[in-house]
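**Q** One structure follows; several queries about it will come next.
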Amino acid sequence: MTDPSAPAPDGIPVDAPVPRLLCDIRALTDMAPGSAGAVWKLAESGRQLDANLIRLPARQRVDTHTEPDLDVLVLVVTGDGVLGGPDGPHPLTEGTLLWLPRGSTRSVTAGEDGLSYLTVHKRRPGMQIRRR
């Protein structure tokens, strides 16, 4: 009987994780031009990251908020808009890559053609019920 964790002839264990193609982000944004909110979420089990594709229709806004616990990377996929922050507005266009450090305050407003952006951050632990 063969040990499944034993290396294959190329030195890689037989049961080693492998890269996976998840989706075509641009195709998702083309399919849902009028939709709002998360149109895709990373849902693979055992992951250490969370990722979401967010779609905002024209002039829709994510109100000002602060993420106290997690750094977030944001990649603008399609459309344009404005990131609001304490240091003023920042234009968002296709290809813009942002780092939102934990504790930062921001809002997002879509432009005339709407806005789609990918967010990536460390996975949040699941909710737990604890005794007082």
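What follows draws every value from the coordinates through simple rules; no lab data is involved. Treat the numbers as computed from the prediction; the structure is a model and nothing was measured. Here the Cβ positions follow ideal geometry from the backbone for every residue, glycine too, while neighbour counts run over all protein chains shown.
**Q** Between residue 42 and residue 113, what FRET efficiency comes out of the Förster formula 1/(1 + (r/R0)^6) with R0 = 35 Å and r the beta carbon distance, rounded to 0.05?
**A** Rounded to the nearest 0.05, the efficiency is 0.85.
**Q** Hey, another quick one. Using only Cα atoms, what Kirkwood radius does the stretch 25-90 have, in angstroms?
**A** Evaluated on the stretch 25-90, it is 13.9 Å.
**Q** Okay, next question. Taking R0 as 25 Å, what FRET efficiency do you get between residue 69 and residue 20 from their Cβ-Cβ distance, rounded to the nearest 0.05?
**A** Calculated value: 0.35.
**Q** Follow-up. Ranking request for peptides 35-46, 110-121, 11-22, 53-64: highest mean number of other beta-carbon atoms within 10 Å first, then the rest in descending order.
**A** 110-121, 53-64, 35-46, 11-22
**Q** Sketch the reach of a paramagnetic label on residue 30 as a point 7 Å from Cα along Cα-to-Cβ, and name the residues of the stretch 42-61 whose backbone nitrogen lies under 19 Å away.
**A** 53-56
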